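**Q** My questions will all concern the structure given below.
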Amino acid sequence: MSQRLVDLVKSRFPQGVLESHDFRGDDTVVVRREDYLEVVRFLKDSPGTAMDFFVDLTCVDWPERKPRFDVVLHLKSFGSGERLRVKTGVPEDDCTCPSLTGLWPAANWFEREAYDMYGVRFSGHPDLRRILLYEEFEGHPLRKDYPKEKRQPLVPMRDDAPPQPPPFPERPH
Amino acid sequence: MEEYREEELTLPAEPMLLHMGPSHPAMHGTVRCVVKLDGETVVGSDVQIGYLHRGFEKECEWGTWTQVFPYTDRLNYASPLLNNIGYALAVEKLLGLQVPARCQYIRVILGELARICDHSVCSAAMAMELGAFTVFLYLVKAREWIFDILEEVTGARVTHAFCRIGGLRWDLPENFADRVRSVLPKSLEAIHECEQLLLRNRIFMDRTMGVGTITPERALAWGWTGPCLRSTGVAYDVRKAHPYLVYEDLDFDIPVGSQGDNYDRFVCRLEEIRQSARIVMQALDKLPDGPIAVPDDTGILLPQKLETYTTIERTIQHFKIIMEGIQVPPGEVYSYSEAANGELGFYLVSNGSGKPWKCRVRPPCFANVQALSELTRGRLLPDIIPTFGSINMIGGECDR
């Protein structure tokens, strides 16, 4: 459907595009992390592409793979109605990715959620806090190695309050 | 009488931090606004969500593809059927599956009825928070009549879990069309009555007109979709822009606003209710006969009970679907549909096992609520109430 866009990105960033595929009409380009921000900026601002609408941003965890995480971005052009998926790999030991908050304000919360759930740090994000979970939460729950039944430590009421014993004995998991 | 000079009367004051919610009647129990106030003027605010986070995506990864349906009911719990349909369409896209025409029509009818319910209850809540309690009761009653129909069809008032991958749970009851044809005008009449009560009401107009205004450019930059975006004048509706199911064959209009304020959002929703009713009536007239699901032998739907108990092939098929789940080919899709709040997207990743590797929801109101802080900056504290109400944040969908 949007093979045209994939070709445009490929010709503009011959080194940057690692892979592209089309599955059930969804076009995807996989780009190097170093070129991710520039590719997205190109897609947004160049008149030939005009992917001006930020649809969604999330991550996928592949524990067996290197790099471990995918940052998955969905874009849409309001003029032409075309859609494109941009993916970039983020390794576990350097879990950072450029932030898109400079391009769209909408990216703010979506990146905060991705950080909250996967621990990917978005460099250049103005306010990278947890969003759905609380500050004291330990770990990033959508990582595949986070056990579903894992219990979280009890958060003390105040900073100066002594830590409380857990209400139930820890279950083995 | 002693005279005071103007500057002596103003008290020097630090900006005050006020925590609005989560236990605040107008915050629907699911969100907190930390508001920085200078007098009654909002200088800044931090909207904190997550109070209804239930680990939707994590849960999805632990069950089969079919077992996600009950969870989707609890996303936007004001219009569960639209989430059911959105998810079913996403998995069907991943499977490369097309459901029969009757199923598509039924999905459209039920989806639009759900949209009417959602818009009614959103408008009702917003009006009530501005003091219009009668309107709340009228609109909730109008919704209740439709809920009765949905209950008759699906067996549940709210948590329907009615869609299946490749079809529906069961067919419509016999008197369904007549019931809808008699109930829908009654609901529309109640909605019309509410319009007469509110739209020229001085208090309502003062509280909503010119309040919570956003330009189309900013709305797009924030990723807005749905009635909120259309209230700014952008006629974007997934049902028209990227038609799915049978929306192409049905005649309806996209109502748009011009100011992008609370009043326009309210009016847009009420007008959309009428358009949805139009769609339902047309779809009822065109409703074809035929199967409501893909054939049994595709291995996607559970076989009929009688066959399951009498033939070995169907017993095995039943067992495999229950125990291993539907076999979905590896790949990834992003599928989107027009839910009550805007573009509801499902990004699904399959690794070829019977469980979703990743089931991401793009919640429309997550993007909408994000702009709340910008909409209320520089306004009065009471302006947060109608603005928050007209954005229609649904905690289940926003926090997942």
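What follows is calculated from the coordinates using simple rules that are stated; it is not laboratory data. These numbers come from a predicted model, not from an experiment. Heads up, the Cβs are rebuilt from the backbone with ideal geometry, glycines too, and the neighbour counts pull from every protein chain shown.
**Q** Could you work out the helix-only [θ] at 222 nm for chain B, with each DSSP H run of four or more residues adding -39,500 (n - 2.57) and the total divided by the number of residues, to the nearest 500 deg cm²/dmol? It would help to have the intermediate numbers written out before the result.
**A** Working: 18 runs with 194 residues, N = 400.
Only helices count here, giving -14500 deg cm²/dmol.
**Q** Alpha carbon centre of region B:29-101 versus region B:208-230: separation in Å?
**A** Between the Cα centres of region B:29-101 and region B:208-230 lies a distance of 21 Å.
**Q** Here's a follow-up. For region B:48-399, restrict the atom set to alpha-carbon positions and state the Rg and Dmax in Å.
**A** That works out to 20.6, 70 Å for Rg and Dmax.
**Q** About its Cα centre, what dipole magnitude does chain A give when the only charges are +1 on Lys and Arg Cβ and -1 on Asp and Glu Cβ, stated in debye to the nearest 20?
**A** Computed about the Cα centre, the dipole is about 340 debye.
**Q** Tell me which of B:VAL180, B:ILE214, B:THR376 sits at the most positive position along the dipole axis of chain B, charges placed on C-beta atoms (Lys, Arg +1; Asp, Glu -1).
**A** In chain B, that residue is B:VAL180.
**Q** Same structure, new question: Zone of B:LEU199 (label point 7 Å along Cα→Cβ, backbone N under 19 Å): which residues in region B:136-160?
**A** What the label zone holds, given the 19 Å backbone N cut-off, is B:136-140, B:142-143.
**Q** Rounding to the nearest 20 debye, state how big the charge dipole of region B:316-377 is about its Cα centre with +1 on each Lys and Arg Cβ and -1 on each Asp and Glu Cβ.
**A** 180
**Q** Å³ per residue of the Cα convex hull, for the protein assembly as shown? Let's see the in-between values first.
**A** On the way: hull volume 111.2 nm³, N = 573.
Convex hull of Cα atoms, per residue: 194 Å³.
**Q** Restricting attention to the alpha-carbon atoms of region B:37-135, what are Rg (one decimal) and Dmax (integer), both in Å?
**A** Rg then Dmax for region B:37-135, in Å: 18.7, 60.
**Q** Using the count of nearby Cβ atoms within 10 Å as a rough guide to exposure, how do B:LEU97, B:LEU380, B:LEU250, B:LEU81 rank from fewest to most?
**A** B:LEU380, B:LEU97, B:LEU250, B:LEU81
**Q** Next question. In chain A, once you exclude exposed GluC sites (Glu not before Pro) (DSSP loop, at most 16 other Cβ within 10 angstrom), what's the longest stretch remaining?
**A** It runs A:1-63.
**Q** Which order do A:PHE42, A:PHE137, B:PHE266, A:PHE122 fall in if you start with the one that has the fewest other Cβ atoms within 10 Å?
**A** Going from least to most buried by this count: A:PHE137, A:PHE42, A:PHE122, B:PHE266.
**Q** Let me ask another. For region A:53-113 and region B:336-400, what is the centre-to-centre distance using only Cα atoms, to the nearest Å?
**A** First find each Cα centre; the distance between them is then 17 Å.
**Q** What residue among B:VAL121, B:VAL280, B:VAL34 shows peak mean-square fluctuation when chain B is described by a Gaussian network model with Cα springs under 10 Å?
**A** Result: B:VAL34 has the largest fluctuation of those listed.
**Q** Taking the Cα-to-Cβ direction at B:GLU374 and at B:SER353 and moving 7 Å from each Cα, how far apart do the two end points lie in nm?
**A** 4.1
**Q** For B:ARG169 and B:LYS186 in the same chain, what is the full-extension length gain: residue separation times 0.36 nm, less their Cα-Cα distance, in nm?
**A** 3.3 nm
**Q** What are the lysines whose alpha-carbon lies under 23 Å from the alpha-carbon of A:LYS148, with same-chain residues fewer than 8 places away excluded?
**A** Cα-Cα hits under 23 Å: B:LYS58, B:LYS355, B:LYS358.
**Q** Could you check the spin-label model distance between A:ARG41 and A:ASP94? Points 7 Å from the Cα along Cα→Cβ, value in nm.
**A** So the label points at A:ARG41 and A:ASP94 sit 1.9 nm apart.
**Q** Among B:LEU137, B:LEU229, B:LEU113, whose mean-square fluctuation peaks in a Gaussian network model of chain B (Cα, cutoff 10 Å)?
**A** Among B:LEU137, B:LEU229, B:LEU113, the largest GNM mean-square fluctuation belongs to B:LEU137.
**Q** Another question, then. Full extension from A:TRP62 to A:ARG130: what is 0.36 nm times the residue separation minus their Cα-Cα distance, to one decimal in nm? Before the final figure, lay out each step's value.
**A** Numbers: separation 68, 0.36 × 68 = 24.48 nm, distance 2.19 nm.
Length gained between A:TRP62 and A:ARG130: 22.3 nm.
**Q** What is the pair-distance distribution P(r) of region A:3-123, computed from all Cα-Cα distances in 10 Å bins starting at 0, with each bin given as a whole percent?
**A** In whole percents, the pair-distance histogram is 14, 49, 33, 5.
**Q** Further, regarding this structure: What percent does the relative contact order of region B:138-269 come to when contacts are Cα pairs within less than 8 Å and at least six residues apart?
**A** 22
**Q** If I model a spin label at B:ILE322 and A:TYR146 as a point 7 Å from the Cα along the Cα→Cβ vector, what separation in nanometres do I get?
**A** Using points 7 Å along Cα→Cβ, the separation is 3.3 nm.
**Q** Here is a further query. Which FRET efficiency, nearest 0.05, do A:PHE78 and B:GLU248 yield, Cβ-Cβ r, R0 22 Å?
**A** 0.60
**Q** What ranking of A:TYR146, B:TYR347, B:TYR51 emerges when the number of other C-beta atoms within 10 Å of each C-beta is taken as an exposure proxy, fewest first? Could you put the intermediate results ahead of the total?
**A** Values: A:TYR146 16, B:TYR347 24, B:TYR51 19.
Fewest to most other Cβ atoms nearby, the residues stand as A:TYR146, B:TYR51, B:TYR347.
**Q** Could you list the residues of region A:98-138 with an amide nitrogen less than 18 Å from a label point located 7 Å from the Cα of A:LEU154 in the Cα-to-C-beta direction?
**A** Correct set: A:136-138.
**Q** Here's something else I'd like to know. Are there GluC sites (Glu not before Pro) in region B:240-329 that DSSP marks as loop and that have at most 14 other Cβ atoms within 10 Å, and which are they?
**A** Working: sites: B:GLU248, B:GLU271, B:GLU272, B:GLU307, B:GLU313, B:GLU324; in loops: B:GLU324.
Here the GluC sites (Glu not before Pro) that fit, given the DSSP loop and packing criteria, are B:GLU324.
**Q** Can I ask one more? When the dipole is taken about the Cα centre of chain B, and only Lys, Arg (+1) and Asp, Glu (-1) are charged at their Cβ, what size is it in debye, to the nearest 20?
**A** It comes to approximately 960 debye.
**Q** Say R0 is 35 Å: what FRET efficiency, to the nearest 0.05, do B:GLU217 and A:SER11 get from their beta-carbon distance? Mind showing how you got there, number by number?
**A** On the way: r = 30 Å, r/R0 = 0.85.
Calculated transfer efficiency: 0.70.
**Q** Then there is this: If you take the beta carbon distance between A:GLU34 and B:GLU3 as r and set R0 to 51 Å, what does 1/(1 + (r/R0)^6) give as a FRET efficiency, to the nearest 0.05?
**A** 0.15
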